[in-house]
Amino acid sequence: QRAQRGEPVRRNEHRDERPADRPRDDRPPRVDQRRVANRGPNFEPPSRPQQRHNPAREVAPEDGERLSKRMGELKLASRREADEWIAAGWVRVNGKVAVLGQRVGPDVQIDIDPAARNQQAQLVTVLLHKPIGYVSGQAEDGYEPAAVLFQPENRWAEDASGIKPNAGHHRNLAPAGRLDIDSTGLLVLTQDGRIARVLIGDDSDVEKEYLVRVEYVGLPGADPVPEGTLPNAALSNNKLALLNHGLELDGEALKPAKVSWQNEHQLRFVLREGKKRQIRRMCELVGLKVVGLKRVRIGRIPLGHLPVGQWRYLAPWEKF
């Protein structure tokens, strides 16, 4: 009517007119009749391409845990190694290549590429007889870390491992456990996360044996002992029993230990834990002062005749 009267008509003015009982979103789709006319009788609409599977976009189960942590629990690798293997594409979960940060359930099948095992077999572990005056880990207060002694000139001449040193053996070599600056004895340096977990993991149960030279100084308020009394005579049997089991440090009960006299001045300690300065603090609680401490064994590996300041490789046939 507007056109007949000569009035301008806006093209989209009546587009929103529709029956009141039909919502806007329920309109039938528009069909291009020209395209329909050109389609043959056997026309089939193209199917939508399937999206390629991307495991990184999978939704993790609510009770899942990080794949690297799960691999550590299964003792397949350390968590650091696991992340490196996953990044390299060497890990499959239920047949699919894993991705960093992936979370898994408890029943997944984890497969490791042989290339990862070959790399792991090339990792070395070093046994060092740490001298007094060196710290176990990072340098502190002007003292050097024991790792600086890992040099060709300090290798024990009787090392029977057959391992040929190379520059790569210094990469990521870290202490697996501590030994105080004023203590000596066996210190383990390793590139192998599996060994580090065995020795210092939260669930580690590996024995560490020490020879500890002591003096008896007594406890505050206790009756003094005659001068010249040997430590093994001054320490009561009850106090020796406490060293074996019953002491607390930092508000936590200590695991049972094996403590006995090696001679009149020296105790033999066998521990399955390693709190900071544990032996010295244990001795203080029963009136003893440590004047010398030497670690002589870790698990099945003894210090043996390894000279102070020298090192050797852990042989392929040796296990902690």
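Observations on the structure shown:
- Looking across the stretch 114-153, just one residue is in a loop (DSSP other than H, G, I, E, B), touching a Lys or Arg at 6+ places or on another chain (Cβ under 8 Å) and modelled with pLDDT under 90, and that is Gly137.
- Residue match in the stretch 183-200 (condition: closer than 26 Å to Arg297 by Cβ, part of a loop (DSSP other than H, G, I, E, B), of a type in the set (Val, Ile, Thr) and over 25 Å from the mean Cα position of the chain (by Cα)): no
- Meets criteria (surrounded by 15 or more Cβ atoms within 10 Å (Cβ to Cβ), over 21 Å from Ser136 (Cα atoms) and touching a residue at least 24 places away in the same chain (Cβ under 8 Å)) for Lys239: yes
- Filter result (within 13 Å of Arg117 (Cα to Cα) and in contact with a Ser or Thr (Cβ under 6 Å, 6 or more places away or on another chain)) within the stretch 67-92: Ala82
Residue-wise test of (1) of a type in the set (A, V, I, L, M); (2) modelled with pLDDT under 95.
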residue: Ala257; (1), (2): yes, no
residue: Gln262; (1), (2): no, no
residue: Leu271; (1), (2): yes, no
residue: Gly274; (1), (2): no, yes
residue: Gln278; (1), (2): no, no
residue: Leu285; (1), (2): yes, no
residue: Lys289; (1), (2): no, no
residue: Lys294; (1), (2): no, no
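The values are calculated or read from the model by the stated rules, or taken from the named source; none is laboratory data. Owing to the predicted nature of the structure, the values given are computational and were not obtained by experimental measurement. As a convention, Cβ positions derive from the backbone with ideal geometry for all residues, glycine included, and neighbour counts pool all protein chains shown.
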